[in-house]
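> After the structure tokens below, expect a handful of questions from me.
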Amino acid sequence: MQTDAEIKDLILHKLFMRRCWGAKHTSFENLDRGFKPQELGKKGYKRIMDMGKDLIRENLLLSKPTYYGLEVSLNPKQKDIILNKIKRFFET
């Protein structure tokens with residue numbers, strides 16, 4: 001089972017690979033795509049949504065409410081922190 005820090009870093013990496021910085025965003029519901037339920041533990045996909053909300057609170061993700069749902073993107077002002085988190089996770 002993956003830790004919360006690993007899940008957060010994977011979410012950041014996923015958005016980084018999709019080049020979702022600033023004005024380019026994706027649906028908040030897409031954050032759980034690519035994760036296997038057996039890797040997430042008891043709470044499953046709800047855990048991913050909680051980690052996404054934590055990243056918004058930490059100001060690493062920007063949120064944009066729309067009439068069709070919440071959209072998120074990486075915060076360009078936190079670029080150095082985001083890149084360090086991604087590198088640290090994939091070095092281990």
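> Past 27 Å, Cα to Cα, is the threshold; run Lys53/Lys77; Lys43/Lys79; Lys36/Lys77; Lys42/Lys64; Lys46/Lys85 against it and keep the listed order.
Working: Lys53/Lys77 18 Å; Lys43/Lys79 30 Å; Lys36/Lys77 31 Å; Lys42/Lys64 29 Å; Lys46/Lys85 22 Å.
As for pairs spanning more than 27 Å Cα to Cα, those are Lys43/Lys79; Lys36/Lys77; Lys42/Lys64.
> Dipole magnitude of region 4-91 about its Cα centre, charges +1 at Lys/Arg Cβ and -1 at Asp/Glu Cβ only, in debye to the nearest 20?
Numbers: 19 positive and 12 negative charges, 28 e Å.
Dipole about the Cα centre, nearest 20: 140 debye.
> Evaluate the relative contact order of the chain (contact order divided by residue number), counting alpha-carbon pairs under 8 angstrom at least 6 apart; express in whole percent. Let's see the in-between values first.
Numbers: 95 pairs, mean separation 34.1, N = 92.
This gives 37 percent for the chain.
> For region 15-22, just list the computed ³J(HN,Hα) in residue order, Karplus coefficients 6.51, -1.76 and 1.60, θ = phi - 60°, integers in Hz, with x standing in for Gly and Pro.
These are the phi-based 3J(HN,Hα) values: 5, 4, 5, 8, 6, 8, 10, x Hz.
> On full extension of the chain, what length is gained from Lys53 through Asp80, given 0.36 nm per residue of separation minus the C-alpha to C-alpha distance? Intermediate results must be reported in sequence, preceding the final value.
Details: separation 27, 0.36 × 27 = 9.72 nm, distance 2.02 nm.
So the extension gain works out to 7.7 nm.
> Say the dipole of region 4-91 comes from +1 at the beta carbon of Lys and Arg and -1 at that of Asp and Glu; which of Ile81, Pro37, Pro65 then lies farthest toward its positive end?
With unit charges placed on the Cβ atoms, the residue in question is Pro65.
> Please list, in order along region 29-43, the HN-Hα scalar couplings obtained from phi with the Karplus expression 6.51 cos²θ - 1.76 cosθ + 1.60 (θ = phi - 60°), rounded to whole Hz, x for Gly and Pro.
5, 6, 4, 7, 5, x, 9, 8, x, 5, 7, 9, x, 4, 7
> Can you give the helix-only mean residue ellipticity at 222 nm for the chain, where every DSSP H stretch with n ≥ 4 adds -39500 (n - 2.57) and the sum goes over all residues, rounded to the nearest 500 deg cm²/dmol? Don't skip to the end; give the middle numbers.
Values: 4 runs with 44 residues, N = 92.
Taken over the chain, the calculation gives -14500 deg cm²/dmol.
> What residues have an amide H closer than 5 Å to that of Glu71, excluding those fewer than 5 places away on the same chain, when H is modeled at 1.01 Å from N in the peptide plane?
Phe28, Lys64, Thr66
> Still on this structure, please answer the following. Counting other C-beta atoms within 10 Å, and keeping those with at most 11, which DSSP coil chymotrypsin sites (Phe, Trp or Tyr not before Pro) do you find in the chain?
Passing sites in the chain are Tyr67, Tyr68.
> Write out the GluC sites (Glu not before Pro) in the chain meeting two conditions: DSSP loop, and at most 16 other Cβ atoms within 10 Å of their Cβ.
Numbers: sites: Glu6, Glu29, Glu39, Glu58, Glu71, Glu91; in loops: Glu58.
Listed in order of number, the matching sites are Glu58.
> Computed from these coordinates, which is Cα extents along the principal axes in Å: (i) 99, 40, 15; (ii) 33, 32, 21; (iii) 66, 18, 10?
Read-out taken from this structure: (ii).
Any read-out appearing in this document is the output of simple, stated calculations on the displayed coordinates, not a laboratory observation. Being a predicted model, the structure only gives us computed values, none of them experimental. When we count neighbours, we look across all protein chains shown, and the Cβ atoms used for this are built from the backbone with ideal geometry, even at glycine.
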